[in-house]
Every structure is written in C-alpha cells, then in structure tokens.
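Asks: Next up is a structure, given as structure tokens.
The values are calculated or read from the model by the stated rules, or taken from the named source; none is laboratory data. Not measured: the values here are computed from a predicted model. Cβ: placed from backbone, ideal geometry, glycine included. Neighbour counts: every protein chain shown. To get the accessible areas, we keep the full protein, side chains included, count just its heavy atoms, and leave off ligands, DNA and RNA. Shrake-Rupley method; radii C 1.70, N 1.55, O 1.52, S 1.80 Å.
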Amino acid sequence: MFRKIRIFLEMIKIEHTLFALPFAFMGAILGSMLVNGTFPSWMQIFWVLLAMVGARSAAFGLNRIIDQAIDGKNPRTAMRAIPAGLLKNGEVIIFIIVSFVLLFWASSNLNVLSMQLLPIAVFMLVLYSYTKRFTWLCHIVLGMTIGLAPLGGWVAVTGSMDWTAIVLYVTIVFWTAGFDIIYACQDLEFDQGEGLHSIPSRFGLIKSLNIAKFFHIITAIGFLALLLMTDLSWWYGAGMLITYGILFYEHYIVSPNDMSRVQTAFFTMNSVLSLVVFTFTLIDLAVK
C-alpha cells in the first residue's frame, strides 16, 4: 500500500505543490485582510488547502491519462507511472474522480461564488492537457490554470473579486507561463518531431528564452502593482527585491549555450520564489 501511495505522490509531483499552494494562501490572506479587515479563519484555510489538493491532484491525474502515449515516446517521461506500467488507467481514473469530489466538497464549504466558478476551474484543468496538440499558447493556458490558485484563495474567503485580485491572477499567469517555457525547452526537438505545439517548438530556443524573460518582466510589474494598489509596505517591498533577484538568477543560469541547469531554474528557483512572496506578504500583513 505504501509503495502505491508513493507512486501516486510521484505521479502528481507532490513537491510541485510549492509552486501554487503558497500563492493560494497569499490570495486568501491578502484578500481577507483587504476586504474583511482580518485574517481568514483556520477553517477557511483548511478548505482552501483541501480544494488545492483536489484540484492539482485531478489536474496531474488527467494530464498523465491524456498524455500517456506521448509520455511513453519521450525518453524524458517514459518512466512515468502509466507508461512504465506502475499504475493502471482504471486506478488513475478513480484517483481523478476522488480528487474532483474533494475539490467539490471543499468548494461547497466556502461560499456561493466559489461554487459558481467551480465549472470554470474544472474546464481549465481538463483543457490544459489538450492544448499542446493544437496551440503553442499552451503555456499561457497553464498559467491561466495555476493562476486560479491565488484567485481561488481570494474568492474562497471574500466571496468576491476586485482589480487587486485580477492583478494578482495575471501576475501568476505570466510567472507560470514564463517558467513553463523554460521547462519546455527540454523537449524542443521531441515536440517538433511529434508535431506538438509549444513556444520552443514554434520559435526556437533563443526566441523562447527571450519570450520567457518578457513574461517574467510582466510578473515583476504585477508584483510592483500590488504594492502600489494596496497598503502593503516595506516588508512586502523587501520580499519583492529578493523575488526580482530570483527571477534574474533563473534566467542567468539558463542560456542557449547552457541548458544544463533547467531543473534548478524550473523547480528550485520557482519554489523559493513562491515561498518568499508568500512569507513576506504574510509578515507585512501580520505586523500592521
């Protein structure tokens, strides 16, 4: 049983929770402080956590089911659980159903708007895995999907949306799209050979890395806009300086001539970034 659990956790890349979960909590805490004037309750945080677990587990399960033939052909992904025969399709489908039930249950314990927006979230979770079959904008679609984490956290505790929530959403959309482009550069030749769509397969390595830089410039502007639109202060500003340094370093260690540190740029740097932004936002709001 423990071996099977380990395989499922590997399938859904549990360590990648560090990308989206801190931003979900950031959206919940920032939204609650700005709209309600207080921190969200522990129960609200609990339901946000369960919704995130359900959403990302369903998303990864769907991606692995939908892409199993592609994954089996790609040397980088051939040892994933389904193509390697470690998990059966039926097991993963049951896992996806349970994950969606968990997402629905958590949303139903939050507020009406969370339930009303749930179909959009489910649609985006399903759509992403198909997009690389027909558009190189798949990275934007992934960003729009992961960006639902902070937006969903905001809606979960406020039952509303405003322009600050939208700016936070757009900021995370372009942050995600930027690092996903860098990650996709690993599969440039494979995607071209299989007729799959991505920004690297469409524009080549050099232009793709420049597009990723441009997307992260938008991210940097978005984080600055949040400082100007709210009463966040110097603690948040200090966190942003660290964040900008992380974004710069992420692009510094990856170049057309040296792609050996893509994993560091993709996973380590972005995990640290999300934790830094959340931590300094929390400190800023807590000391007021």
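Asks: Out of segment 225-257, which residues are open to solvent by less than 60 Å² (accessible area, probe 1.4 Å), farther than 13 Å from T281 by Cα and either in contact with a strand residue (DSSP E or B) (Cβ under 7 Å, 6 or more places away or on another chain) or outside any loop (DSSP other than H, G, I, E, B) (or both)?
Replies: If the condition is that a residue be open to solvent by less than 60 Å² (accessible area, probe 1.4 Å), farther than 13 Å from T281 by Cα and either in contact with a strand residue (DSSP E or B) (Cβ under 7 Å, 6 or more places away or on another chain) or outside any loop (DSSP other than H, G, I, E, B) (or both), then A225, G245, I246, L247, E250, H251, S255 are the ones that fit.
Asks: I would also like to ask the following. What do you reckon, is I45 closer than 18 Å to L87 by Cβ, free of Cβ contacts under 8 Å to residues at least 24 places away in the same chain and either touching a Phe, Trp or Tyr at 6+ places or on another chain (Cβ under 9 Å) or among the aliphatic types (A, V, I, L, M) (or both)?
Replies: Values: closer than 18 Å to L87 by Cβ: no; free of Cβ contacts under 8 Å to residues at least 24 places away in the same chain: yes; either touching a Phe, Trp or Tyr at 6+ places or on another chain (Cβ under 9 Å) or among the aliphatic types (A, V, I, L, M) (or both): yes.
No.
Asks: A further question follows. Just give me the residues in segment 88-128 being in contact (Cβ under 8 Å) with a residue 60 or more places away in the chain, within 11 Å of A59 (Cα to Cα) and either open to solvent by less than 40 Å² (accessible area, probe 1.4 Å) or not in a helix (DSSP H, G or I) (or both), in sequence order.
Replies: A121, L125
Asks: Being free of Cβ contacts under 8 Å to residues at least 24 places away in the same chain and within 30 Å of I283 (Cα to Cα) is true for just one of T77, T38, T17. Which residue is that? Reasoning before the result, please.
Replies: Working: T77 fails: within 30 Å of I283 (Cα to Cα); T17 fails: free of Cβ contacts under 8 Å to residues at least 24 places away in the same chain.
Answer to the selection: T38.
Asks: Please find, within segment 251-268, the residue that is nearest to T17 (Cα to Cα) out of those that are touching a residue at least 40 places away in the same chain (Cβ under 8 Å) and not polar (S, T, N, Q).
Replies: We begin by selecting, within segment 251-268, every residue touching a residue at least 40 places away in the same chain (Cβ under 8 Å); these are 251, 254-256, 259, 262, 265-267.
Now drop any that are not not polar (S, T, N, Q), which leaves 251, 254, 256, 259, 262, 265-267.
Details: H251: 22, V254: 23, P256: 28, M259: 24, V262: 18, A265: 16, F266: 13, F267: 11 Å.
Looking at residues that are touching a residue at least 40 places away in the same chain (Cβ under 8 Å) and not polar (S, T, N, Q), I get F267.
Asks: Which one is surrounded by the fewest Cβ atoms within 10 Å (Cβ to Cβ) among residues in segment 1-39 that are outside any helix (DSSP H, G or I) and in contact with a Phe, Trp or Tyr (Cβ under 9 Å, 6 or more places away or on another chain)?
Replies: Per the criteria, the residue is K13.
Asks: Yes or no: T279 open to solvent by less than 10 Å² (accessible area, probe 1.4 Å) and closer than 19 Å to L21 by Cβ? Before the answer, list the steps.
Replies: Working: open to solvent by less than 10 Å² (accessible area, probe 1.4 Å): no; closer than 19 Å to L21 by Cβ: yes.
Answer is no for this residue.
Asks: Tell me, yes or no, whether segment 186-205 has at least one residue that is touching a Cys at 6+ places or on another chain (Cβ under 7 Å), over 18 Å from V141 (Cα atoms) and assigned to a helix (DSSP H, G or I). Reasoning before the result, please.
Replies: Taking segment 186-205 and keeping what is touching a Cys at 6+ places or on another chain (Cβ under 7 Å), we get 197-198, 200, 205.
Filter again for over 18 Å from V141 (Cα atoms), leaving 205.
After this cut, where a residue has to be assigned to a helix (DSSP H, G or I) as well, the list is 205.
Yes: segment 186-205 contains one or more residues that are touching a Cys at 6+ places or on another chain (Cβ under 7 Å), over 18 Å from V141 (Cα atoms) and assigned to a helix (DSSP H, G or I).
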